[in-house]
Amino acid sequence: MLELKHLSFTAADDDKKDIIRDVSLIIPDDRFVVVTGPNGGGKSTLAKLIAGIKTPTGGQILLNGEDITNKSITERARLGIGFAFQQPVRFKGIHVLDLLRIAAGKQLSVTDACEYLSEVGLCARDYIGREVNASLSGGELKRIEIATVLARGTSLSIFDEPEAGIDLWSFQNLIEVFKKMRGSIKGSSILIISHQERILNIADEIVVIRDGVVARQGTKDEVYPQLIGTASAVGDCIKRGPGKTEGGAQ
């Protein structure tokens with residue numbers, strides 16, 4: 001279980017602007033949680049605070065009752081927090097099999113590595129020996145990154161706008177991957193930062209972050225209809241798919 005207690009973050013290089021202000025939030029085990037809200041509202045910053053990429057200026061972060069507020073990214077990863085960036089990192093010279101072994105922290109067999117690739121809808125024999133470089137599309141890189149999160153065996157998996165920079169076909173495949181993950185999570189949680197309607201629609205819980213605070217939180221059945229009914233509820237339109245907002249506007 002993840003617990004945020006009165007978390008705050010002030011950006012020192014932005015006229016000391018308060019990006020996150022007094023956020024208290026509990027993410028239980030076995031939950032698929034989507035954080036949404038207007039651009040600039042603090043969603044991605046919140047994810048980076050949880051992962052340890054940024055350091056809070058106030059409050060606490062607890063994982064399974066342990067205070068991890070001052071722990072490094074590496075220490076948090078060892079405790080079971082995985083983070084997937086908006087734009088996956090490309091590793092010239094590193095093959096997909098090597099990347100999965102690094103993520104797992106052990107010498108995975110080819111068979112084991114192929115199973116993780118299959119979990120994210122990739123034909124293992126086509127990818128296991130490929131380099132993680134520019135020859136891979138954005139959608140392929142996203143799914144390989146998710147495979148590394150699965151290989152790591154995290155208790156909390158964080159995805160920061162996973163739909164960013166991919167085409168519609170890749171997005172549809174990504175949704176299927178998340179549906180599968182949602183159906184198989186046990187003793188762990190998934191936290192996704194997203195505006196996408198189809199991702200919101202498979203959430204157990206939705207958290208709306210606006211102006212650095214929790215504006216709304218509840219089950220999908222409680223929050224989702226309000227977001228769709230009044231797009232201004234989050235200050236942005238809910239997006240139907242990559243590049244499209246509610247009503248089809250680009």
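Under the condition of being farther than 24 Å from residue 74 by Cα and not β-branched (Val, Ile, Thr), the residues counted in region 134-180 number 22. Counting residues in region 74-84 that are surrounded by fewer than 17 Cβ atoms within 10 Å (Cβ to Cβ) and farther than 22 Å from residue 2 by Cα gives zero. Among the residues of region 156-168, are any under 19 Å from the mean Cα position of the chain (by Cα), under 24 Å from residue 33 (Cβ atoms) and without any contact (Cβ under 8 Å) to a residue 60 or more places away in the chain? No - not one qualifying residue is present in region 156-168.
Among the residues here, residue 119 does not qualify as among the acidic types (Asp, Glu) and surrounded by 20 or more Cβ atoms within 10 Å (Cβ to Cβ).
Of the residues making up region 176-195, those that are over 13 Å from residue 118 (Cα atoms) and surrounded by fewer than 18 Cβ atoms within 10 Å (Cβ to Cβ) number 8. Just one of the numbered conditions (1) in contact with a Phe, Trp or Tyr (Cβ under 9 Å, 6 or more places away or on another chain); (2) of a type outside the set (Asp, Glu); (3) over 23 Å from residue 154 (Cβ atoms); (4) modelled with pLDDT under 95 is not true of residue 58: (4).
Right, residue 110: among the hydrophobic types (A, V, I, L, M, F, W, C), in contact with a helix residue (DSSP H, G or I) (Cβ under 8 Å, 6 or more places away or on another chain) and in contact (Cβ under 8 Å) with a residue 24 or more places away in the chain or not?
On the way: among the hydrophobic types (A, V, I, L, M, F, W, C): yes; in contact with a helix residue (DSSP H, G or I) (Cβ under 8 Å, 6 or more places away or on another chain): yes; in contact (Cβ under 8 Å) with a residue 24 or more places away in the chain: no.
When the stated conditions are applied, residue 110 does not pass them.
Working only within region 129-173, note down all residues that are among the aliphatic types (A, V, I, L, M), in a helix (DSSP H, G or I) and either buried (at least 18 other Cβ atoms within 10 Å of the Cβ) or touching a Lys or Arg at 6+ places or on another chain (Cβ under 8 Å) (or both). 141, 144, 146, 147, 149, 150, 151 - these are the residues of region 129-173 that are among the aliphatic types (A, V, I, L, M), in a helix (DSSP H, G or I) and either buried (at least 18 other Cβ atoms within 10 Å of the Cβ) or touching a Lys or Arg at 6+ places or on another chain (Cβ under 8 Å) (or both).
The values are calculated or read from the model by the stated rules, or taken from the named source; none is laboratory data. In this text, all values refer to a predicted model and were calculated from it rather than measured experimentally. Glycine gets a Cβ as well: all are built from the backbone with ideal geometry, and neighbour counts include every protein chain shown.
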